[in-house]
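The structure under discussion appears below in the form of structure tokens.
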Protein chains: 2
Amino acid sequence: MNKLFVLCLLVHTSAFAWDALPQHASAPAENPMTAQKIELGKKLFFDPRISADGTVSCNSCHNVMKSGDDGRPHSVGIQGKEGGRSAPTVWNAAFLSVQFWDGRAKSLEEQAKGPMINPVEMGNSSHEPVISRILKVPGYVEEFKKAFPKEKDITIDHVAKAIATYERTLITPNSPYDLYVRGNKKAMSAAAIRGMATVQSVGCLSCHSGANFSGPTLPEGVGFYQKFPRFPGSEYDKKYDLTSDSGRFQVTKNPEDQNSWRVPTWRNIALTAPYFHNGKVQSLDEAVRVMAKTQLNQDLKPEQVSDIVAFLESLSGKFPDQKMPRLPDISGKAIY
Amino acid sequence: MNKLFVLCLLVHTSAFAWDALPQHASAPAENPMTAQKIELGKKLFFDPRISADGTVSCNSCHNVMKSGDDGRPHSVGIQGKEGGRSAPTVWNAAFLSVQFWDGRAKSLEEQAKGPMINPVEMGNSSHEPVISRILKVPGYVEEFKKAFPKEKDITIDHVAKAIATYERTLITPNSPYDLYVRGNKKAMSAAAIRGMATVQSVGCLSCHSGANFSGPTLPEGVGFYQKFPRFPGSEYDKKYDLTSDSGRFQVTKNPEDQNSWRVPTWRNIALTAPYFHNGKVQSLDEAVRVMAKTQLNQDLKPEQVSDIVAFLESLSGKFPDQKMPRLPDISGKAIY
């Protein structure tokens, strides 16, 4: 009996493979987690002085007080400049093997450096002015010494390492789904449990697999991409302008990557409307219909959609409590 | 002996009148402090959904993670629009009897409503869209019920009351100066102690009086204003464009109010460069020289300036620890 039970359990487990999110995100060997780096990275993440005119911080578009994004179709950077893509959530980005919608950054460290010198985001002409502003703030100089005690200079790589270290703490391993998978069968509603079965039977999990629902576990720097739309020609292509942004093709110039995108996480998806790379879809139920049609060539029944939405909602939070950072100031002198 | 001692003490006290900041700011009878209102107000203060396009929160220009301002000459609102005045710090604004540089708001409650409908700040056409966005967020509706249990509707006055209640917690009664005045004679440096005597002997305290160094205690709604420059004609008028903004005159249209301003607080002044209503002066020592010349017609000696700066630095912080607010989200639907 016992052996049979164990066998059944194994079959069951391998067939369904519902994994809870790990309680900690792993860090690369060259940037181990330390309390000093987390604290410094948190300050840098919230500090608008990283931007050319002091108005935009990482948190402006990736608001960790909310769902890790800005709730807008496209983000707005310095001087009201608007980008062309919707800000992905920073929550659980630590579990993605590549960053940005098109996977152009191989790590959180690499990602952190991009917006600083993007003319429509933080607008610095190079990383040099970022460093020169940081060096003007005695409190930051002190904290960099503590966070990187063996390093002589403060470079943009140290800034990026600190920010990435903080971001690796921004994870939500205690959603209702995680509690459910870890054994609390009351943590999810009946609709969510039905939805859990539906996302599997319909085929969503062929891409949105794994504990982060963003694809298989791959080494850092190796992305998991899919065409979107995989089945072109539906009404949605035009309605939501799905193809004018060529996605990963812009990075690789490889025709096979035309309209390919890094598979995004489902975690906290209920809280990150509007949807898709261009933020054109306003509601989660419509996003589910669009995905079923464009990726699986299926027209879902209304109850399937609502069950899937209930399941996706069970992937929200729980967001950890955080102490508000205090950004070090410079005494008696203006930076801008 | 004892009677003589008491008499001397009284004379001494009345002559110098160095007061520590109260540990709590008082609230108006119609808006008493409650834990629920503080918590709700904190969320609203940090929520960019208060603005027309979801990019600007109260904290954008009055950054409480820093010195309560944005460190810029002029603030930047939605779509990169720039205002004409420097953001005053929100820290200890609770101790001002009127708000804004020109005193046009009679209370924190009234102030909070202004930027929401200022076209170059949060850019709402009226307060109605602010309320309609708040009503879309179930978590906010719940919290307003808790904060205002007797009220049926959520109005802009409730929003303002909650924000003002949070702001009344943003005070810094534990600066080195406060510790010194309360008896810790090691809390201030020798230079700061000399500067303390200098600001009195030079005459600065005739305007920057009281525990908040922003003038005498007046009833809420009654402002304390001064001409700036009081002694026009110095090189600074032109160098720092001191007179083109007519200040309080714009509110009252009374010619006597030409170039009059609410006397700002000295608290945290070392951390809020650049200086003055137009943010034209980059350093605190220059701000001290400008004030001595334009307001008291005095040319200070370099050691007087550095002592005064040391004293002003003793008015920085200490900023209380705060838990980061979690902004309630709406599930599966876009707001923008």
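The values are calculated or read from the model by the stated rules, or taken from the named source; none is laboratory data. Fair warning: this is a prediction, and the values are worked out from it, not measured in the lab. Every residue, glycine among them, receives a Cβ derived from its backbone with ideal geometry; neighbour counts consider all protein chains shown.
In a loop (DSSP other than H, G, I, E, B), acidic (Asp, Glu), in contact (Cβ under 8 Å) with a residue 12 or more places away in the chain and buried (at least 23 other Cβ atoms within 10 Å of the Cβ) - does that describe any residue in the stretch A:48-67?
Of the residues in the stretch A:48-67, the ones in a loop (DSSP other than H, G, I, E, B) are A:51-57, A:62-67.
From what is left, the residues that are acidic (Asp, Glu) are A:53.
When the remaining residues are screened for being in contact (Cβ under 8 Å) with a residue 12 or more places away in the chain, the result is A:53.
Applying the additional criterion that residues be buried (at least 23 other Cβ atoms within 10 Å of the Cβ) yields none.
Within the stretch A:48-67 (the criterion being in a loop (DSSP other than H, G, I, E, B), acidic (Asp, Glu), in contact (Cβ under 8 Å) with a residue 12 or more places away in the chain and buried (at least 23 other Cβ atoms within 10 Å of the Cβ)), the answer is no, since none of the residues qualifies.
Determine whether B:Thr155 is among the β-branched types (Val, Ile, Thr), surrounded by fewer than 20 Cβ atoms within 10 Å (Cβ to Cβ) and touching a helix residue (DSSP H, G or I) at 6+ places or on another chain (Cβ under 9 Å). Break it down stepwise before answering.
Numbers: among the β-branched types (Val, Ile, Thr): yes; surrounded by fewer than 20 Cβ atoms within 10 Å (Cβ to Cβ): yes; touching a helix residue (DSSP H, G or I) at 6+ places or on another chain (Cβ under 9 Å): yes.
Yes.
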The stretch A:253-263, subset part of a strand (DSSP E or B) and of a type outside the set (A, V, I, L, M, F, W, C), residue farthest from B:Ser331 (Cα to Cα): A:Ser260
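Can you spot a residue in the stretch B:181-188 that is crowded, with 21+ Cβ neighbours inside 10 Å and either over 23 Å from the mean Cα position of the chain (by Cα) or without any contact (Cβ under 8 Å) to a residue 40 or more places away in the chain (or both)? Let's see the steps before the verdict.
As a first pass, look at the stretch B:181-188 and keep what is crowded, with 21+ Cβ neighbours inside 10 Å: B:188.
Next cut, either over 23 Å from the mean Cα position of the chain (by Cα) or without any contact (Cβ under 8 Å) to a residue 40 or more places away in the chain (or both) only: B:188.
Yes.
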Scan the stretch A:209-229 and report the pairs whose first residue is more than 20 Å from A:Arg104 (Cβ to Cβ) and whose second residue is assigned to a loop (DSSP other than H, G, I, E, B) and among the β-branched types (Val, Ile, Thr), with Cβ atoms within less than 8 Å and a gap of 6+ or a chain change. A:Gly210/A:Thr217; A:Phe213/A:Thr265; A:Pro229/A:Thr243
Please find, within the stretch B:269-294, the residue that is nearest to A:Ser331 (Cα to Cα) out of those that are touching a Ser or Thr at 6+ places or on another chain (Cβ under 9 Å) and more than 11 Å from every other protein chain (Cβ to nearest Cβ). B:Phe276
What pairs come out if I take residues in the stretch B:123-140 that are without any contact (Cβ under 8 Å) to a residue 40 or more places away in the chain and pair them with residues that are part of a loop (DSSP other than H, G, I, E, B) whose C-beta lies under 9 Å away, six or more apart or interchain? B:His127/B:Thr155; B:Ile131/B:Asp153; B:Ile131/B:Ile154; B:Ile131/B:Thr155; B:Leu135/B:Ile154
For A:Trp266, only one of the following conditions fails: (1) outside any helix (DSSP H, G or I); (2) without any contact (Cβ under 8 Å) to a residue 24 or more places away in the chain; (3) within 14 Å of chain B (Cβ to nearest Cβ). What is its number? (2)
Looking only at the stretch B:75-88, filter to residues that are surrounded by 21 or more Cβ atoms within 10 Å (Cβ to Cβ), within 10 Å of another protein chain (Cβ to nearest Cβ) and not polar (S, T, N, Q); which one of those is farthest from the chain's Cα centre (by Cα)? B:Ile78
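Considering each residue of the stretch A:300-335, count those that are out of contact with any helix residue (DSSP H, G or I) (no Cβ under 6 Å at 6 or more places or on another chain), within 7 Å of chain B (Cβ to nearest Cβ) and farther than 19 Å from A:Val141 by Cβ, and give that number. Walk me through it before giving the result.
Residues of the stretch A:300-335 that are out of contact with any helix residue (DSSP H, G or I) (no Cβ under 6 Å at 6 or more places or on another chain), as a first pass: A:301-303, A:306, A:317-324, A:326, A:330, A:333-334.
Going one step further and asking which of them are within 7 Å of chain B (Cβ to nearest Cβ), we end up with A:319, A:321-324, A:326, A:333-334.
Retained after the next criterion (residues that are farther than 19 Å from A:Val141 by Cβ): A:319, A:321-324.
Residues flagged as out of contact with any helix residue (DSSP H, G or I) (no Cβ under 6 Å at 6 or more places or on another chain), within 7 Å of chain B (Cβ to nearest Cβ) and farther than 19 Å from A:Val141 by Cβ within the stretch A:300-335 amount to 5.
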So which of B:Lys81, B:Lys66 ends up being in contact with a Leu (Cβ under 7 Å, 6 or more places away or on another chain) and not aliphatic (A, V, I, L, M)? B:Lys66
Out of B:Lys323, B:Lys253, sole residue that is among the basic types (Lys, Arg) and outside the structural domain of B:Ala197 (by TED's automatic domain parsing): B:Lys323
Farther than 26 Å from B:Ala27 by Cβ and without any contact (Cβ under 8 Å) to a residue 12 or more places away in the chain: does that describe B:Ser86? no
